[in-house]
Amino acid sequence: MLPTAEQRRWMYRHMVLSRYLEERIEALYMEGKTPVFNMAKGPIPGEMHLSNGQEPCAVGVCAHLTADDIVTATHRPHHIAVAKGVDLDAMVAEIFGKATGLAGGRGGHMHLFDAAVNFSCSGIIGEGLGPAVGAALSRKMQGKPGVAVAFMGEGAANQGAFHEALNLAAVWQLPVVFVIEDNAWGISVAKQASTAVPRNDLRAAAYGIPGHHVADNDVEGVYAAAGEAIARAREGQGPSLIEIETARLAGHFMGDGEDYRPKGEKEGLQARDPIPRYRQALLDAGVLDEAGDSDLVAEAHSRVEAAIRFAQQSEFLPPEAALEAVFVGEPS
């Protein structure tokens, strides 16, 4: 399955948008956190997990999805949220903890929810697998359109929830696709030190479902594998599993010293940055020209800056709002 010229430009545009968003978030996040790193300081307190380098996973899958389709993502969610069409102003405001955010600033960057496009994510490893299976089951039982896609890291494939989710999805032949973003590191633990099989797509066979493997962070390889898996789900043929070899260009979190990486690994990954690689491929194919690229990049930058201004100018919720949106039991 090959993408059209417009789909190729769409994927590149959203990769650029996601990358610039995170570059700006990175700079703003570090304000007030130096010279001694203090996670609690600055305009964006708390942990921050960047997805720089993993953009092909998001765009290659989401190019096949609509607002009716359900996506559950991980604690490293920005690239997927951007590709799924989450409201950018509300998303950035949520990251800043503002009242205009997706959850009024209550969730932060690891807990982004946008019901308008059926997107959610969680800071808990493997947490989105069960909800994705449940969403797919509800679609099947109600005869409604839509497939579910559960994104996870390669470390989540060692969680019990992974095997439970695959088993039920296969037993019930549900319209769900499991996508593993294999960036080779579960926090600071190398994949080969924690996982008995070299490739998690091989595990699909244990549940009688197709497994796809995409090497080298290949945007169009992801697009092809996802297109096949999502089409299969839409046709009622059940679940599939995709594992994508991708790259985490930053640390596990902002402030991570990354001392666990072998010498030269990070520099090698940056030399294979998927965005300039895909840009050059599109230029070579005549799908994009220099002027069109400049316009696309300028548009992405403008959109991100507008979202940041919106977030910075928004107010925080008042202190009394801490008692809202919670369940309170009846007095005894």
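The values are calculated or read from the model by the stated rules, or taken from the named source; none is laboratory data. Everything numeric here is computed off the predicted structure, so don't read it as measured data. Cβ sites come from the backbone with ideal geometry, for glycine too, and all protein chains shown count toward neighbours. Remember, those area values only see protein heavy atoms, side chains included, never the ligands or the DNA or RNA. Shrake-Rupley method; radii C 1.70, N 1.55, O 1.52, S 1.80 Å.
At-a-glance table
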{"quantity": "Unit charges at the beta carbon, dipole of the chain: most positive-side option, Gly105, Leu174, Gly292", "calculated": "Leu174"}
{"quantity": "Label assignment, semi-axes √(5λ) of the Cα gyration tensor in Å derived from the structure, set (i) 45, 22, 16; (ii) 29, 26, 21; (iii) 46, 28, 16", "calculated": "(ii)"}
{"quantity": "For the chain: accessible area per residue (Å², 1.4 Å)", "calculated": "44 Å²"}
{"quantity": "Accessible area of the stretch 88-223 belonging to carbon and sulfur atoms, whole % at 1.4 Å probe", "calculated": "58 percent"}
{"quantity": "Carbon plus sulfur fraction of accessible area for the stretch 1-65, probe 1.4 Å, in percent", "calculated": "55 percent"}
{"quantity": "Positive-pole candidate from Leu249, Gln192, Val133, dipole of the chain, charges at beta carbon", "calculated": "Val133"}
{"quantity": "Count of Lys pairs (Cα-Cα under 21 Å; at least 8 positions apart or interchain) in the chain", "calculated": "6"}
{"quantity": "Long-range amide H partners of Cys121 with built H, under 5 Å", "calculated": "Ala73, Leu112"}
{"quantity": "Assigned charges on the beta-carbon of Lys, Arg, Asp, Glu; the chain dipole about Cα centre (debye)", "calculated": "480 debye"}
{"quantity": "Within the stretch 3-69, GluC sites (Glu not before Pro) in DSSP loop having at most 11 other beta-carbon neighbours inside 10 Å", "calculated": "Glu31"}
